[in-house]
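Notes follow the structure.
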Amino acid sequence: MHKLWVVAKHEYLKITRKRSFLFGTLAMPLFFVAIMVLVIVVMVAGEDQRPIGYVDQAGLLIAVTSLPPTEDDGPNPVELLAFANEAQARTALETGRIQAYYVLPADYLTSHDVQLVYWEEVPRGSAQRRFDRLVRANLTTSLPADVAARAQQGIDLTARSADGRQEVGGDSIVNIFVPFFIGLFFSIVVLSSGSYLLEAVTDEKENRTIEVMATSMTSGQLIGGKALGLMAVALTQIGILVVTIVIGVMIGAQFVEALRGLSLPWSMLLTLALFFVPTFALIAGMMIAVGSMVTETRQGQQIAGALNMLFTLPFFFIIVFFTAPNSPLATILTIFPTTSFLTIALRWSLTTIPMWEMVVGLVLVTVSAICMVWAAARIFRMGMLRYGQRLDLKSMLRAVRTGAEG
Amino acid sequence: MTTPTAMVSHLSKSFGAVRAVEDVSFEVYPGEIFGLLGPNGAGKTTSIRMMLDIFNADRGEISVLGGKMDEAKKNRIGYLPEERGLYKDLKLEPTLIFLARLKGLSEAEAKRRLPDWLKRLDLYDHRYKKVQELSKGMQQKAQVIATLLHEPELIVIDEPFAGLDPVNTRLVEDIIREQQAAGRTIVMSTHQMHQVEALCSRIALINKGRTVLYGEVDQIKHSFAGNAVTITGQGDFLNVPGVLEARQDNGDWRMSLAPGTGPQDVFKALAARDGIKIERFEIAEPSLDDIFIWTVQGRQEPNHA
């Protein structure tokens with residue numbers, strides 16, 4: 001056991017100290033931060049900070065004329081200016097003193113009509129909601145304080161599935177896309193770890209170190225240590241991504257309205273965490289087998305590229321998930337070992353995935369992973385001592401069947 | 001009777017249709033340097049790999065350090081394989097520490113022992129270089145360190161002098177002798193017969209997957225000595241009765257004797273001649289090189305029974 005950890009630590013440090021790893025791992029968070037900064041700059045620089053006027057012909061907006069800033073207003077709440085008549089408001093609009101003005105007509109209480117007059121662009125949503133709150137505040141002055149507060153707050157609808165596993169809040173449309181991003185990150189991180197693992201195995205072959213390894217530990221300890229080290233690498237990458245994204249979203253939410261209602265789908269994260277280990281082990285087993293069969297990393301990468309497709313297949317069926325998230329194809333991809341993780345991530349926000357599908361998927365991916373790792377250990381033992389020779393399919397099957405080296 | 005440190009008995013191993021080892025047997029005793037000889041493809045490396053549990057034998061018995069090979073015994077063995085290799089893109093010092101840790105050494109102990117070895121093998125100034133930046137000879141010496149740093153009881157070295165210049169060959173030779181003097185058992189596979197003669201007390205010669213010669217070096221040489229004598233001296237050494245052939249080689253005379261003629265008969269005949277001065281007279285023993293070639297090529301020294 002001790003040697004397994006020695007190998008795991010060695011592999012982890014070997015990869016994480018590489019410049020290519022630092023670049024590859026930090027590139028995506030930096031890209032994310034750059035996009036976030038760009039969005040914030042565009043949003044803030046493009047925000048019209050000028051006041052919004054209003055003409056109260058209905059005589060309603062008297063009791064409350066100013067509002068305290070709220071979280072919804074963002075860092076720059078727009079000022080609301082009262083005008084005695086529309087001519088004055090129009091002059092202010094034409095001279096650019098205000099960005100727009102509302103007209104509350106005399107028959108507002110019966111017609112409920114409100115006019116918004118603007119010059120070039122409709123004021124941003126938070127500015128419009130600020131005026132909306134001003135109207136509500138004045139309309140509810142005669143109500144008890146708690147009733148008034150509730151009326152001003154408006155409705156907050158959350159749609160929840162009968163079993164409580166699935167819920168869609170009204171806060172932000174962005175929540176629907178969170179599982180998609182998680183699926184995307186998984187694919188990038190885990191598949192890149194698979195590539196590292198392939199390299200780690202072929203490295204032993206190319207460097208001719210396998211005999212020394214074989215006389216120092218079991219092949220199980222060697223490949224187990226490598227896989228464990230690379231899983232730690234994957235988790236490090238995920239950790240860096242998650243921390244960057246969380247910080248990015250927290251900062252971004254100060255400026256970007258769409259990010260304010262963002263919440264993490266914890267039940268989905270927990271489900272995916274259950275699938276992560278067996279899925280990673282399955283990829284690891286495949287990469288070890290491929291690495292043991294080929295003579296150099298480049299050959300292995302070609303085969304690994306084809307195998308990676310098995311894991312990223314669900315991306316090609318996104319349209320199917322949107323249009324028919326409970327179709328037979330979606331079910332098959334949910335229970336198929338290589339596609340279950342990503343399919344669950346992609347379907348999560350679109351439907352309530354039946355529990356049986358996830359249980360069957362988890363069992364199948366776990367059993368497949370165990371079988372794959374077992375077979376990989378046998379192929380590894382046979383393939384690694386064949387310096388400069390590619391292991392053919394026949395020999396590979398014999399190795400799996402008998403465990404023999406020759 | 002002393003229990004052998006390593007014993008293989010009637011080993012055989014096939015790879016598909018290829019029979020790599022047919023019937024190999026030998027025993028290695030504590031504190032000895034045992035030579036495993038044989039031409040390319042004879043089955044030496046495969047036999048070593050089976051002995052060290054890298055390959056499973058199809059048939060035969062193996063005993064290492066008092067029984068079947070297990071994980072704990074791996075820490076008591078140092079192996080320098082024929083297929084040399086170190087992690088090329090890693091620095092030398094961490095690589096050697098990592099390999100020592102895989103042999104059960106703590107990091108602190110490995111760090112404590114390493115500088116002396118690096119200095120002795122003239123690698124200390126290169127310890128922070130990547131392995132791929134070292135010369136082939138330096139990499140070879142680094143692997144010698146990796147084989148010995150954990151102070152193994154059984155040392156298995158496959159072609160330990162390949163790629164070394166004469167100075168480093170001498171250095172490695174000295175290290176091997178020191179290891180033996182420290183009580184360690186050494187199995188050395190090599191083609192270099194003069195190294196075998198200089199270092200090994202016993203050998204096994206493997207040819208076509210079988211042990212064809214096995215025993216003490218002196219006895220084997222003696223058994224191949226046959227009916228020949230080597231003489232150093234002055235005078236007429238031609239036409240001696242009972243001598244089939246007399247030829248001069250580097251000033252010495254080598255005489256092949258006819259069946260029924262013994263060295264004593266030749267000595268007497270020469271002593272009876274006038275003008276003969278004998279400085280040295282000895283029964284000619286063939287070199288291990290000759291024995292190797294005769295055995296591998298299926299020829300025997302003319303008078304070897």
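Read-outs: derived from the displayed coordinates by stated rules, not from any lab. All of these numbers come straight from a predicted model, not from anything done at the bench. Reconstructed Cβ throughout: ideal geometry from the backbone, glycine too, with neighbour counts over all protein chains shown.
Students often get this wrong, so check it: of B:Lys103/B:Lys136; A:Lys9/B:Lys74; A:Lys14/B:Lys136; A:Lys14/A:Lys394; A:Lys9/B:Lys111, which have C-alpha atoms separated by over 27 Å?
In this structure, A:Lys14/A:Lys394 exceed 27 Å between Cα atoms.
Is the stretch B:86-186 best put as rounded, prolate or oblate by its Cα gyration tensor, with a ≥ b ≥ c the root eigenvalues, rounded for a/c under 1.5, and otherwise prolate when a/b is larger than b/c, oblate when not?
Oblate shape, in that a/c is at least 1.5 and b/c is the bigger or equal ratio.
Can you tell me, using C-alpha contacts under 8 Å and at least 6 residues apart, the relative contact order of chain A as a whole percent?
19
If you stretched the chain out fully between A:Asn85 and A:Thr70, how much longer would it get, using 0.36 nm times the residue separation minus the C-alpha to C-alpha distance? Don't skip to the end; give the middle numbers.
On the way: separation 15, 0.36 × 15 = 5.40 nm, distance 2.84 nm.
Taking A:Asn85 through A:Thr70 to full extension adds about 2.6 nm, to one decimal.
Please report the base-10 log of the normalised intensity I(q)/I(0) for the protein assembly as shown, using a Debye sum with one equal scatterer per alpha carbon and no solvent, at each q in 0.06, 0.08, 0.11 (1/Å).
Here log10 of I(q) over I(0) equals -0.58, -0.81, -1.15.
For the stretch A:260-311 and the stretch B:196-272, what is the centre-to-centre distance using only Cα atoms, to the nearest Å?
Computed from Cα coordinates, the inter-centre distance equals 69 Å.
Return the calculated 222 nm mean residue ellipticity for chain B, to the nearest 500 deg cm²/dmol, obtained by summing -39500 (n - 2.57) across DSSP H runs with n ≥ 4 and dividing by the residue count.
Rounded to the nearest 500, it is -9500 deg cm²/dmol.
Neighbouring Cβ atoms within 10 Å as the yardstick, rank B:Trp253, A:Trp374 fewest first.
The most exposed by this proxy come first: A:Trp374, B:Trp253.
What FRET efficiency, computed as 1/(1 + (r/R0)^6) with R0 = 56 Å and r the Cβ-Cβ distance, is obtained for B:Asp58 and B:Asp165, rounded to the nearest 0.05?
Calculated value: 0.90.
Counting partner chain Cβ atoms within 10 Å of every residue's Cβ in B:79-88, what's the average?
6
Indicate, rounded to the nearest 5 percent, the antiparallel portion of the DSSP beta bridges found entirely in chain A. Provide the component values of the computation, followed by the final result.
Working: 7 of 16 bridges.
Antiparallel bridges: around 45 percent, rounded to the nearest 5.
Taking the Cα-to-Cβ direction at B:Ala246 and at B:Lys221 and moving 7 Å from each Cα, how far apart do the two end points lie in nm?
2.6
Provide a whole-number value for the mean count of partner chain Cβ atoms within 10 Å of the Cβ atoms in peptide A:204-210. Kindly include the intermediate steps, with their values, before the conclusion.
Numbers: counts 2, 1, 3, 9, 7, 11, 4.
Across the residues of A:204-210, the mean count of other-chain Cβ atoms within 10 Å is 5.
Report the FRET efficiency, 1/(1 + (r/R0)^6), for B:Lys277 and B:His191, where r is their Cβ-Cβ distance and R0 is 30 Å, rounded to 0.05. Could you put the intermediate results ahead of the total?
On the way: r = 40 Å, r/R0 = 1.34.
The value I calculate is 0.15.
Relative contact order for the stretch B:76-141: what percent, with Cα pairs under 8 Å and sequence separation of 6 or more?
42
Could you give me the ³J(HN,Hα) list for the stretch B:7-15, computed from phi with Karplus coefficients 6.51, -1.76, 1.60 and θ = phi - 60°, whole Hz, x at Gly and Pro?
Here the 3J(HN,Hα) series is 9, 10, 9, 6, 6, 9, 7, 10, 10 Hz.
So for the stretch B:224-297, averaging the separation of alpha carbon pairs under 8 Å that are six or more residues apart and normalising by length, what relative contact order in percent results?
Details: 112 pairs, mean separation 32.7, N = 74.
Reported as a whole number, the value is 44 percent.
Can you give the angle from 0 to 90° between the axis of helix A:297-312 and the longest principal axis of chain A, with both taken from C-alpha atoms, to the nearest 10?
With rounding to tens, the tilt is 50 degrees.
Any chance you could check the Cα centroid distance between the stretch A:92-146 and the stretch B:118-188 for me, in angstrom?
Centre-to-centre distance over Cα atoms comes out at 87 Å.
Name the residues whose placed amide hydrogens come within less than 5 Å of the amide hydrogen of B:Tyr79, ignoring near sequence neighbours (fewer than 5 apart) on the same chain.
Correct list: B:Val156.
Kindly state, as a whole number, the per residue volume in cubic angstrom of the convex hull around the alpha carbon atoms of the stretch A:49-154.
Values: hull volume 10.7 nm³, N = 106.
Considering the Cα atoms of the stretch A:49-154, their hull volume per residue is 101 Å³.
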